[in-house]
Structure formats: C-alpha cells, structure tokens
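Chemist: Before I ask anything, here is the structure I am working with.
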Amino acid sequence: MSKINNLLNTLSIFTTLIILAFCYGARMGLTAYVTTVNYAGLFALACIIFCLPDFLCHCFPAKNKWYRTSEFYTGFLIVSMGMGGILLSKYSGWIGLVVLPVGMALAFREFFFFLRGRNWLTLMAGAAFMTFMVLLFYSQWCHSALFPEKIILGKAHIDVIFHGSMSNMFSTLGWASTGLNGSPYIPYHWGSHALFAGLKNWTGLGTLMFYNIAYPAIFLPLFFKILFGFLHKIFMYKGKGFLNLLYAISFMTLIYSLPFALLQFASPMGSESYGMALLFTFLFASIWLAYISYPHENDGIFFLFSMMAIMLISFLKISNGFVCFIAAAYLYLRNRWNFKSIVRVLLAGTVMALIIYFVVFHSAYLAKPLSLSGRIQTFWELSDGFITYFLGALIAGLILMKNKTLASWSELRSSIKSREYIDMETLFVITLAGVLGGILTSSHGTDVYYFCSIQWFVSIPYLIYFSQNIFDGFHAPGKVKTIFLFIVIVLSIVSRPDVIKGIAKNNSDGAQRNKTAGSIYEIIQLKKEMLGLTQRQQVLKSFVNELFKLEKEIDKSTICVYIPQGEKWYYESQSYRPLGSALVTPAISGVAMIGGIPEGILKKENMNIRGYGYYYYKKSGQRIPKNITEALTLAHEKGYKKLIKFQVIDGKLNKQTFNVKT
C-alpha cells in the first residue's frame, strides 16, 4: 500500500469519526432517531468504502490494468452495495451486522500501517482542513444533524425534504416518485436517490438521517480522497515530481475560505446529486489517466465501460454526463478518426440521449424556453466571473504558451500528434462543453452553475500540480516551507468565523433564508427552541415521531397516508419555502400520501412548482379527495390496502387506521 493512499484512508476515517462525534454531541438530549448501533454501522460502511478498494489493489496488483485500480474498485463497490442494499431491504434490520466486523478490521489495518509511517504533520493539517469542511458543510442552510427538529420548528430546507422523499419512495417502490398522491413516476436524475436508498440499509438509518449524517460522514471525506487521488495520478502521468499532500491540503483550505464559486457553501457537497456526480467524474478521470498511461489494450471494452460509466454519471447529474460524454468522445475520436469510430460514437450518444431524455430528464424545464439570444444574455448575466467559466481553457492556454507550442503551426501540429498535451486538450474540451451546456440551460441559473463549474473542479488539481512545481523550486528550508503552509491553513480557517457563529443568508428577493445558519450556533439555538414548543409544534413533533415509526413498516407499498387539505399545521408547517411542507410525510416515512398536494399549489406557475415534482402531478390531472370517503375510494383505485388518516382534534394529533375495501 502506498503512503499516499494510507494517509488518505486514515484521514478519511478520522473525518468520519469527527462527523459522527459532532452529530452525536449535537443530538444528545433529543429524540434518538439515530442509535449507537446506527453510528457503528455507519462507521463500518464508511471504512469499507474507503479502505476495501486499496486492500483489493494490494491483493491483486494492477499491473498496468485500468480495471484493477483503486478508483475502479471504489466505483464498483459503491454501486454494488447500493444495489445490494435495495435487494436486501427486507433484511435491513440485521444486514448491518455483516459490515461491522469487515469495516472495523479494515480500519485497524489502516491505522496499523499509518503508525509505521507516522506522518503526523500531514495528518494534523488534513484533520484541520476536514474539520473546517465539516463545519462549512453544516453551516450552509440545507443539512443539519438536527434536521427532524428543524422540521418540527418549521425551518427545514425544501431541497433535503424533496430529495429525501424521492429516495425514500425509491426504497419503498423501486422507482422515483415524491409520493404526494399515490406514487407516479417522476423523471429526475435519481441516481443518488437510488444509491442512498440501498446504502442506508447497511446502516439501519432512516432516509432523512442518512442524508443529514451518513451522506457527509461517508462522501465528504471520500470526495476529497478521490480528488487528491486524481491529483496523485496527474503527478504519476506527468512523471515530474511527487505529490506534496501537505501543500495540496493548504491549497484546498485556502480556496475554500474564499467567497467564490459557492465554495463558501462547501460546494459541491451541498448538493447530493452534484457531489456524487463529481465524485464519479473524478473516479472516471483517474481510470482514464490509468488507461492512457500504458499501451492500449481492450479498446472496445474500455469504450463500452466508458459509456456505462457516463450513463451512471448522467443518472446522478445530467450536466456531468453531458460534459463527460463530450470529453470521452473527443478522446476516442482523437486516436481513432475513421468512419467506423464516428458511427460508434454517434450511435452511443444517440442511445444515451434517448434514455436520458425519456427516463431522467425533467421536461418541466422546457415549459418556458428562452430564445438563443436570450439564453446567451442570461448566461452572461449569471456569470460568477470569467474564471468560473473558463479556468480550464485558461490553464491549457498558459501551458501551451509556456512551452512554445504556439510558436508556429508546425509546432502545434507536432505537439498534437505526439499527444504530449492530451490532458490539456481534454481540459479545454471540458471547458467548452460546460459553456455550451450552460448556454443551452441558461433559463435556469443553477443549471448554468452545474455545467460551468465542472471544469472549475477538474482544474483545481491542475492548479495544485503546477503551483506545487513552482513552490518546490523555492530554496527555503523544508521546515520553513512547512511552517508557511500551516500558517496558510490557520489563517484560511480563522478567516471564516461564520462557520461557528452563523450569518444571515438572503434570497434574491431579500427574504431571509435562515437567521442562524452557522453549524454550532444553529444547533444551540435549535435545542433552545425545542424546549419551548408551541401547540402546533407539539402536534408536529408527535406527527414526526409517528412517521419515523411508520418508516419501519415492512410492506410500506400497501399503505398510504391521508391528511385533509384543511390541516394547516401540516401543509403550512415549513416557513422557509412552504412548498416543502407536503413532502414531509414521504421524506420521513417512505409511505405515499393520498391527496397530499395542496390544491392552491397546482394553480401556480413558477419555477418552484416545476422544480420539485409538482409539475408532473398537475400535468397528469390529479384528483384531490375532499373527505375520507373520497380518500378511501382513491386509495382503492391506486391499489392500497391500508389508509392512515392524521388530523388535529381539540389541539391533539388524532390517528385513524382504515382498511381499504378491495
């Protein structure tokens, strides 16, 4: 095992422990939605995902085979455990016992190898950076270790509730739906929902707690492990120098302290789908570097693998799949420019595009398309700066100019023919593909960011590579350089006190998102507020507890929940983006509702309606029951066997169970 991999694995394990300790401390004194067994299972699952791929590489050396790399094993392991968790969902009560001994053994193995190397300074720097990232992650307004309490207090973010409902309904049914009026299929990039629906069963956690605790505990450290691993692959591919992990950590700490490209909100990890898509993008990029580093073999198999990997990435985030396909097509045709190869790429692209369009593309975004000129204008208005759009092209251009590649046309042709700068060419293509995708989707600002920021994150490892080569050329003693890097880390972290005390974040219309968005300060405030609940909040607390119990039902696909439209304690429970209120039931329980769509919402025409699945209910002409008789009739039509009605009577939550007549 290489020292770099061992250090990254040890740092990842340590980060998971930090997050689990943070969440455990935050939830002390509150309802035990997460048990000690859940924490243990989560830790074991994280250790398996971090360490097992490197263990397999140790047992089965790669020998220049791209399909024996740690990155290949990591991607395969995540997908396999996700699918396996779905298939074994009926046994979620005990399958976590399988991962416990394996995960613990792998963790002890990593610590044993680390103690032999004793690279404490780098581990300390990495621990400081990852602690900073944990605080940064929880300081954005979406996720929280106290998310059930935020629901009770009416402060939950709609994005997490929406994604939780999609994932929990996927766990129940095997397809994507928000479950508001039955469970119609809703086209969406549901790859992360499916993965989490399976992975949660290995931990015993509920979906909502998996999103708020397990997702950062596993995939926050894994993302940076894969990013640093990709950087290590760049050094190996270039053959110039070795990765200085301490320098890379200080560089990452510095850029994440800057209010730029949403890094101040822990991007890309604030978005589960984007974070997972970028993680798999880096895995694919590392495998690609391993493939081109050695004489080609099994080109057809690698092409097939590439298309499957890109399809997977597209199901996680369509923007990443689009950019990856353009880059992969360029690389393939770059080496095999002939009619057969062109036809193969066009055929593969057409098949993938059709699958994406009919299965995961949310066509609601086409409801009000802009003209091409309007798209270009909006694209530039949404700009977060030149570098956010064109950093990759800028890096590629600077490298070409530095090495006299552009001195003449013959020099340029010679460089292209030699494939000396094939990685820079690919970076340039990724940048242009992101800009193209950004223009096409410029009707929606977030999609512009998702398309254009891909090249930004892929460029970061190259920035570290080139800047480290300059840093390594300095003649200062090694101890002085180390002290300098630690100063950079400390100053970067202390420049962001908002991750502790919280800052007010505002919408574009000036409405405050959350008065206390700081991770630690928010926890203190939430726990204080839980001590003085209003009558409505007491009702909501009882309701949330009932939903968590309902999530443990074995056959949830035969059960539905009915809450009359007049129950404002539910349909107006969330003060920030009230649209998320109706999604609370399927998000926590994984049980579909009957008539769970507020009638007023279906009459609105705005982006939020189209963006959170409501568009598809409206498009299909849903019937909303007005009383229990109509609800039972509708439940019968949709094939449910049991209906649970929740209603507040005399200030208290009333629960009634009805057998649906067949």
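Chemist: Looking at region 180-189, can you tell me whether even one residue there is at pLDDT below 95, buried (at least 24 other Cβ atoms within 10 Å of the Cβ), within 13 Å of the chain's Cα centre (by Cα) and not acidic (Asp, Glu)?
Modeler: Checked region 180-189: at least one residue is at pLDDT below 95, buried (at least 24 other Cβ atoms within 10 Å of the Cβ), within 13 Å of the chain's Cα centre (by Cα) and not acidic (Asp, Glu).
Residues checked against (1) open to solvent by 80 Å² or more (accessible area, probe 1.4 Å); (2) within 19 Å of GLY239 (Cα to Cα); (3) of a type outside the set (Val, Ile, Thr); (4) out of contact with any Pro (no Cβ under 6 Å at 6 or more places or on another chain):
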| residue | (1), (2), (3), (4) |
| --- | --- |
| VAL448 | no, no, no, yes |
| PHE451 | no, no, yes, yes |
| ILE454 | no, no, no, yes |
| PHE457 | no, no, yes, yes |
| PHE466 | no, yes, yes, yes |
| GLY478 | no, no, yes, yes |
| LEU485 | no, no, yes, yes |
| LEU491 | yes, no, yes, yes |
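Chemist: Within region 12-26, does at least one residue satisfy the condition of being surrounded by fewer than 22 Cβ atoms within 10 Å (Cβ to Cβ), in a helix (DSSP H, G or I) and hydroxyl-bearing (Ser, Thr, Tyr)?
Modeler: yes
Chemist: If VAL79 satisfies all but one of (1) open to solvent by less than 60 Å² (accessible area, probe 1.4 Å); (2) more than 21 Å from PHE284 (Cα to Cα); (3) β-branched (Val, Ile, Thr), what's the number of the condition it fails?
Modeler: Tallying (1) open to solvent by less than 60 Å² (accessible area, probe 1.4 Å); (2) more than 21 Å from PHE284 (Cα to Cα); (3) β-branched (Val, Ile, Thr), VAL79 fails exactly one: (2).
Chemist: Going through SER410, SER415 one at a time, which residue ends up being surrounded by 19 or more Cβ atoms within 10 Å (Cβ to Cβ), in a helix (DSSP H, G or I), at pLDDT below 80 and over 31 Å from the mean Cα position of the chain (by Cα)? Break it down stepwise before answering.
Modeler: Details: SER410 fails: surrounded by 19 or more Cβ atoms within 10 Å (Cβ to Cβ).
Only one candidate passes the filter, namely SER415.
Chemist: Among the residues in region 233-241, are any crowded, with 24+ Cβ neighbours inside 10 Å, assigned to a helix (DSSP H, G or I), among the hydrophobic types (A, V, I, L, M, F, W, C) and in contact (Cβ under 8 Å) with a residue 40 or more places away in the chain? Steps first, answer last, please.
Modeler: As a first pass, look at region 233-241 and keep what is crowded, with 24+ Cβ neighbours inside 10 Å: none.
Taking every residue of region 233-241 in turn, none turns out to be crowded, with 24+ Cβ neighbours inside 10 Å, assigned to a helix (DSSP H, G or I), among the hydrophobic types (A, V, I, L, M, F, W, C) and in contact (Cβ under 8 Å) with a residue 40 or more places away in the chain.
Chemist: Something else: Looking only at region 143-164, decide whether some residue is in a helix (DSSP H, G or I), hydroxyl-bearing (Ser, Thr, Tyr) and at pLDDT 90 or above. Outline the logic, then answer.
Modeler: Filtering region 143-164 down to residues in a helix (DSSP H, G or I) leaves 147-153, 158-164.
Applying the additional criterion that residues be hydroxyl-bearing (Ser, Thr, Tyr) yields none.
Looking for residues that are in a helix (DSSP H, G or I), hydroxyl-bearing (Ser, Thr, Tyr) and at pLDDT 90 or above, one finds none in region 143-164, hence no.
Chemist: Would you mind telling me which numbered condition in (1) open to solvent by 10 Å² or more (accessible area, probe 1.4 Å); (2) in contact with a Leu (Cβ under 6 Å, 6 or more places away or on another chain) SER192 fails?
Modeler: With respect to (1) open to solvent by 10 Å² or more (accessible area, probe 1.4 Å); (2) in contact with a Leu (Cβ under 6 Å, 6 or more places away or on another chain), SER192 is out only on (1).
Chemist: Looking at region 341-349, is at least one residue at pLDDT below 90 and either over 24 Å from ILE439 (Cβ atoms) or open to solvent by less than 70 Å² (accessible area, probe 1.4 Å) (or both)? Before you say what the answer is, go through the steps one by one.
Modeler: At the first step, the residues of region 341-349 found to be at pLDDT below 90 are 341.
Cutting the leftovers down to either over 24 Å from ILE439 (Cβ atoms) or open to solvent by less than 70 Å² (accessible area, probe 1.4 Å) (or both) gives us 341.
The answer is yes, given that some residue of region 341-349 is at pLDDT below 90 and either over 24 Å from ILE439 (Cβ atoms) or open to solvent by less than 70 Å² (accessible area, probe 1.4 Å) (or both).
Chemist: If you check ILE460, ILE500, ILE520, which single one turns out to be modelled with pLDDT under 75 and within 27 Å of the chain's Cα centre (by Cα)? Talk me through it step by step, then tell me what you get.
Modeler: Numbers: ILE460 fails: modelled with pLDDT under 75; ILE520 fails: modelled with pLDDT under 75.
So the residue among ILE460, ILE500, ILE520 that is modelled with pLDDT under 75 and within 27 Å of the chain's Cα centre (by Cα) is ILE500.
Chemist: Here is a further query. Just to confirm my filter: which helices (runs of 4 or more DSSP H) fall fully inside region 256-357 and include at least 1 residues that are in contact with a Pro (Cβ under 9 Å, 6 or more places away or on another chain)? Give the derivation first.
Modeler: Values: elements: 272-292, 299-316, 318-335.
Of the helices (runs of 4 or more DSSP H) lying wholly inside region 256-357, those with at least 1 residues that are in contact with a Pro (Cβ under 9 Å, 6 or more places away or on another chain) span 272-292.
Chemist: Looking at (1) in a helix (DSSP H, G or I); (2) open to solvent by 10 Å² or more (accessible area, probe 1.4 Å); (3) more than 25 Å from THR281 (Cα to Cα), which one does PHE170 not meet, given that it meets all the others?
Modeler: (3)
Chemist: Please indicate, with yes or no, whether at least one residue in region 130-141 is more than 19 Å from PHE224 (Cα to Cα), touching a His at 6+ places or on another chain (Cβ under 8 Å) and at pLDDT below 90. It would help to see each step written out before you state the result.
Modeler: First, the residues of region 130-141 that are more than 19 Å from PHE224 (Cα to Cα): 141.
With touching a His at 6+ places or on another chain (Cβ under 8 Å) added as a condition, the list becomes 141.
After this cut, where a residue has to be at pLDDT below 90 as well, the list is 141.
Scanning region 130-141, I find at least one residue that is more than 19 Å from PHE224 (Cα to Cα), touching a His at 6+ places or on another chain (Cβ under 8 Å) and at pLDDT below 90, so the answer is yes.
Chemist: Looking at LYS225, LYS238, which is the one that is charged (D, E, K, R) and either at pLDDT 95 or above or in contact with a helix residue (DSSP H, G or I) (Cβ under 6 Å, 6 or more places away or on another chain) (or both)?
Modeler: Details: LYS238 fails: either at pLDDT 95 or above or in contact with a helix residue (DSSP H, G or I) (Cβ under 6 Å, 6 or more places away or on another chain) (or both).
Matching residue, one of LYS225, LYS238: LYS225.
Chemist: Another question, if that's okay. Condition first: over 25 Å from CYS324 (Cα atoms), open to solvent by less than 10 Å² (accessible area, probe 1.4 Å) and aliphatic (A, V, I, L, M). Now tell me which residues in region 249-280 satisfy that.
Modeler: Across region 249-280, the qualifying residue is only ILE249.
Chemist: Among the residues of region 630-653, is there at least one that is among the β-branched types (Val, Ile, Thr) and assigned to a helix (DSSP H, G or I)?
Modeler: Quick first cut of region 630-653, residues among the β-branched types (Val, Ile, Thr) only: 633, 644, 648-649.
In the following step, the residues that additionally are assigned to a helix (DSSP H, G or I) were identified as 633.
Within region 630-653, one or more residues are among the β-branched types (Val, Ile, Thr) and assigned to a helix (DSSP H, G or I).
Chemist: In this structure, does TYR138 turn out to be without any contact (Cβ under 8 Å) to a residue 60 or more places away in the chain, in a helix (DSSP H, G or I) and under 20 Å from the mean Cα position of the chain (by Cα)? Full working, then the answer.
Modeler: Details: without any contact (Cβ under 8 Å) to a residue 60 or more places away in the chain: no; in a helix (DSSP H, G or I): yes; under 20 Å from the mean Cα position of the chain (by Cα): yes.
Answer is no for this residue.
Chemist: Just wondering, is there one or more residues in region 204-219 that are open to solvent by 10 Å² or more (accessible area, probe 1.4 Å), assigned to a loop (DSSP other than H, G, I, E, B) and in contact with an Asp or Glu (Cβ under 7 Å, 6 or more places away or on another chain)?
Modeler: yes
Chemist: Do you know which residues across region 87-119 are open to solvent by less than 60 Å² (accessible area, probe 1.4 Å), at pLDDT below 85, in a helix (DSSP H, G or I) and not hydroxyl-bearing (Ser, Thr, Tyr)?
Modeler: GLY96, GLY117
Chemist: Pairs, please: C-beta under 8 Å, at least 6 apart or cross-chain, first residue open to solvent by less than 10 Å² (accessible area, probe 1.4 Å) and in region 37-53, second at pLDDT below 95 and not in a helix (DSSP H, G or I)?
Modeler: Matching pairs, first to second residue: GLY41/THR203; GLY41/GLY204; GLY41/LEU205; LEU42/THR203; LEU42/LEU205; LEU45/THR203.
Chemist: While we're on this one: Considering only region 231-288, how many residues are over 24 Å from PHE486 (Cβ atoms) and under 18 Å from the mean Cα position of the chain (by Cα)?
Modeler: Here the count works out to 22.
The values are calculated or read from the model by the stated rules, or taken from the named source; none is laboratory data. The structure presented is a predicted model; accordingly, all values stated were derived computationally and were not measured. Note that we place each Cβ from the backbone using ideal geometry, even for glycine, and neighbour counts take in every protein chain shown. Protein only, heavy atoms only, side chains kept; ligands, DNA and RNA dropped before computing areas. Shrake-Rupley method; radii C 1.70, N 1.55, O 1.52, S 1.80 Å.
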